[in-house]
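Student: I have a structure I would like to understand better, so I am pasting it below and will then ask my questions one at a time.
Please treat every number below as a calculation from the coordinates, not as lab data. None of these values were measured; they are calculated from a predicted model. Cβ atoms come from the backbone with ideal geometry, glycine included; neighbour counts cover every protein chain shown.
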Amino acid sequence: MLSIDFIRENKELVAEAAKNKRRKIDLDKILDLDLKRRELLKKSQSLSEEKNKLAKESDHEGARERGKEIKESLRKSNEEQTKLEMELQTLLSQVPNVPLPEVPVGGEEANQEIKTWGEVPKFDFTPLSHIELSQKHDLVDLAVGAKVSGFRGYFLKNQAAILQTVILFWTMQKLTQKGYTPIIAPSIVRVFSLFGTGQFPWGEGEVYKLNDEDAYLAGTAEVPVTAYYSDSILNEKDLPKKFVAFSPCFRREAGSYGKDTKGLYRLHEFWKIEQVIIGKADIEEAKKLHEELQQNCEEILQALELPYRVKLMATAEMGEPQILKYDTDTWMPSREAYCETMSNSIMGDFQARRLNIKYRSGESTKFCYTLNNTAIASPRILIALLENHQQKDGSINIPKALQELCGFDTISHE
């Protein structure tokens, strides 16, 4: 959330940012409510001062009558302030963050490719899709998955089940060795964490609500882990705090009706290792941490021997809380395209303000900066692994980094 002071002092910048992120906001209404709120506060303060002064003259009949009038005026003023504050906070919660100057303006066409790695495979045979490979080796059962779980349901079987488990463990172990705190996060979260991370109000349609009051299923460990320090004041010397978080994830995919209905690309239920950092309010340090998060996910893809590209995302391709975002897309032969597998973002203090996460710096406190990036998400990554490493005889080679943990180096029909 942006502070009202920042909005008041940077109206044109905030309006332009919302326009570029393609979000409608009512800045005039926000500033009008803010002005009325401040006028009421000033009036209440003046009345309180008069009330205190009259208290010293309580024996005077006129003073007593005036005191009653002031008391009633203060009651009405407080009621109006509460109403104004609620309306103002609702409107403020709909204002997106302001991107950094280097972010390109526009939609998908404005995204900038900044890096590629690896060679896109050139097969001397007709390659199979991950669906065909899965049927050949009995790795995934989509039909029974849909029968048991519903639309986009699936079962991972045999080597695919082992492969997913190994990838998740291997990734978590790798980042733990880099100094990240391993954490297994809950998937059931309360609404404040979804609001705090900026999932609400914008992404509410993508979130599953449970029957229990104030209980939702998170679509990423970013939600519970970022909320871990809500309403806390941290020590500057302890920052940044770095987490590698494992959790099952759930998304309704309400906005993707009719898209990617076959296979493992777009699912309601999946597993993910997420990187989350809570740091100081220092944009240069945040940029360095952002590059660190990016290096981590690239090292993972390189170890898995998967070609990828990195994009600097344009304003309309960013989420509402983000000020800078990279997407890392991995090559998927059956789709004949690079497809998103990681998303790396700096949020500034947007989430920390909504979650009230601060740190003590000298005699003052400041709101923290937050960052996050996918380390690995499965089974989507299995698409790239199975398809890129398939062989002419239909077998699938396992990357060397995973072979020892898997206990096999090839998936074969023999």
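Student: Cut-off is 10 Å between beta-carbons; in what order do Lys21, Lys68, Lys242, Lys287 appear when sorted fewest neighbours first?
Tutor: Least crowded to most crowded, the residues run Lys68, Lys287, Lys242, Lys21.
Student: Sort 354-362, 36-44 by the packing proxy (mean of other Cβ within 10 Å over each peptide's residues), most packed first.
Tutor: My ranking of the peptides, most packed first, is 354-362, 36-44.
Student: Treating the beta-carbon of each Lys and Arg as +1 and of each Asp and Glu as -1, no other charges, what is the dipole magnitude of the chain about its Cα centre, to the nearest 20 debye?
Tutor: 760
Student: Could the peptides 299-308, 367-376, 175-184 be put in order, highest first, of the mean number of other beta-carbon atoms found within 10 Å of their residues?
Tutor: Those peptides, ordered most packed to least, come out 367-376, 299-308, 175-184.
Student: Which value in deg cm²/dmol, rounded to the nearest 500, describes the helix-derived mean residue ellipticity at 222 nm for the chain, given -39,500 (n - 2.57) per DSSP H run of n ≥ 4 and division by the residue count?
Tutor: -12500 deg cm²/dmol
Student: Report the relative contact order of region 150-232, percent, no decimals, based on alpha-carbon pairs under 8 angstrom and at least 6 residues apart.
Tutor: After rounding, I find 28 percent.
Student: If amide hydrogens are placed 1.01 Å from N in the peptide plane, which non-local residues have theirs closer than 5 Å to the one on Thr341?
Tutor: Under 5 Å from the amide H of Thr341 lie the amide H atoms of Thr328, Asp329, Thr330, each far enough along the sequence or on another chain.
Student: Report the Cα centroid-to-centroid distance between region 358-393 and region 256-302 in angstrom, as an integer.
Tutor: 3
Student: Hey, got the dipole for region 4-92? About the Cα centre, +1 on K and R Cβ, -1 on D and E Cβ, debye to the nearest 20?
Tutor: Result for region 4-92 is approximately 340 debye, rounded to the nearest 20.
Student: Follow-up question, since we're still on this one. What is the fewest-to-most order of Phe270, Phe155, Phe125 by other Cβ atoms lying within 10 Å of their Cβ?
Tutor: With the sparsest Cβ surroundings first, the list reads Phe125, Phe155, Phe270.
Student: While we're looking at this one, here's another question. Report ³J(HN,Hα) in whole Hz for each residue of region 163-180, in order, from the Karplus equation J = 6.51 cos²θ - 1.76 cosθ + 1.60 where θ = phi - 60°; Gly and Pro get x.
Tutor: 4, 4, 4, 5, 4, 5, 5, 4, 5, 5, 5, 4, 6, 4, 5, 8, x, 7
Student: If you take the charge dipole of the chain about its Cα centre, with +1 on Lys and Arg Cβ and -1 on Asp and Glu Cβ, which of Leu382, Gly407, Val103 is farthest toward its positive end?
Tutor: The listed residue farthest towards the positive side: Val103.
Student: Compute the helix-to-body angle for 283-303: its Cα long axis versus the longest principal axis of the chain, expressed 0 to 90° and rounded to tens.
Tutor: 20
Student: Got the relative contact order for region 108-411 handy, in percent, Cα pairs under 8 Å and 6 or more residues apart?
Tutor: 23
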